[in-house]
Structures are given as C-alpha cells and as structure tokens.
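Structure record follows, encoded as structure tokens.
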Amino acid sequence: MKIVVIQGPNLNMLGIREQQVYGAMKLEQIHAQMKDFATQNNVEIEFFQTNLEGEIVDKIQECYGEAQGIIINAAAYTHTSIAIRDAISAVSIPTIEVHISNIHRREDFRKENMIAPVCTSSIVGFGPFGYHLAMMGMLQVMQEIQAAKAAQEAAQKAPQE
Ligand code: DQA
C-alpha cells in the first residue's frame, strides 16, 4: 500500500515562517516522523512539495493507479483552487487534507475551502501533529476498504443457496 503526501506552497518554509502560527518543526522533520510511522506499519510513502498549483494537479493525477491514499496540505491553494479540487475528485483516491493552523479561526478568506468537500476528512489546528493524525486516519481508512473488499470477495465465492 502506498500513501503520497503532497505539500503546497510555502510549506518548504516551515520552521522559518510565522512560528507562532505553524510551529518550529521543519518539513523534513515532519516527513521523517511520517516515514518512521509508515515503515512501522509496512506502508510505502512518498513526499512531494511544490509552490506551483499545476504541479499539485499533475502529482494528484500521477497517483491514479499508483497510490491508495493521499495526504495533502494544499496551503493557500486550499482557498482558491478548483483545479486541485477537480483533480482530487477525478482520481477517487481516499484523501485527507491537513492544515497545521486552525483555518476556521483565522482570516475570513481562509474559511473558504475548495478542497474539503472532495476529501475523506480534514484535520485542522493540531500543529505539525496533524500529519501524524492524518497517517493514523489513513491507515484506518485503508484497512476498512481492504476489509470491505475481502468481505465482498468472500460473498462472491460463497456457494449460492
Ligand atoms: C495552511 C493554512 C493556509 O491558509 C495557509 O495559506 C498555509 C498553511 C496550514 O497548514 O495551516 O500556507 O494550509
């Protein structure tokens, strides 16, 4: 099973940008923790960061047929990007969005969210720990999908009465 983690604009500046909002952890440190958790749970994980909207769309499309889960922090594009929303919708892969800060308690323009309606779940306001919560949530979602598939296969194989 493979999870792809997609990080949007300015998240490469974590640890430098507005520490009072986003904390002191660098992106590499967050990813190292996620990698450890993935390894412990026998899950393959890939990390991708870009400041460009189209590259996020390309990456989501590349996940089709390749990944079973996406964890995304689309950062500022969360509030504007119909293209990213459509890409998530197009690939139909369970997707969890993460926001380090609580976007609902900030400026009004951050309350607009193009992505959330097409995501399985949203995790906001837990700081960098939100990425760990997303990993736990994603494993749960993947296990539920696998269990449902197994049950369906068993039902098809069972002799009809
Ligand atoms: C963010 C919240 C966005 O509003 C902001 O533009 C970001 C980061 C967060 O993780 O809290 O860049 O997605």
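The values are calculated or read from the model by the stated rules, or taken from the named source; none is laboratory data. Owing to the predicted nature of the structure, the values given are computational and were not obtained by experimental measurement. Ideal geometry is used to build each Cβ from the backbone, glycine not excepted, and the neighbour counts take in all protein chains shown. With ligands, DNA and RNA removed, areas are computed over all heavy atoms of the protein, side chains included. Shrake-Rupley method; radii C 1.70, N 1.55, O 1.52, S 1.80 Å.
Quick notes on this structure:
- Apportionment of accessible area to carbon and sulfur, the chain, percent (1.4 Å): 51
- For the chain, modelled as a GNM whose springs connect Cα atoms under 10 angstrom apart, the maximal fluctuation among GLU107, GLU55, GLU97 occurs at GLU107.
- Look at the alpha carbon pairs under 8 Å that are at least 6 residues apart: their mean separation over the length of segment 1-156 gives a relative contact order of 25 percent.
- Neighbour-limited loop hits for trypsin sites (Lys or Arg not before Pro), segment 101-161 (at most 15 other Cβ within 10 Å; DSSP other than H, G, I, E, B): ARG106, LYS111
- Partner lysines whose Cα lies under 21 Å from the Cα of LYS26, excluding those fewer than 8 positions away in the same chain, are identified as LYS35.
- Convex hull volume per residue in cubic angstrom - Cα atoms of the chain: 118
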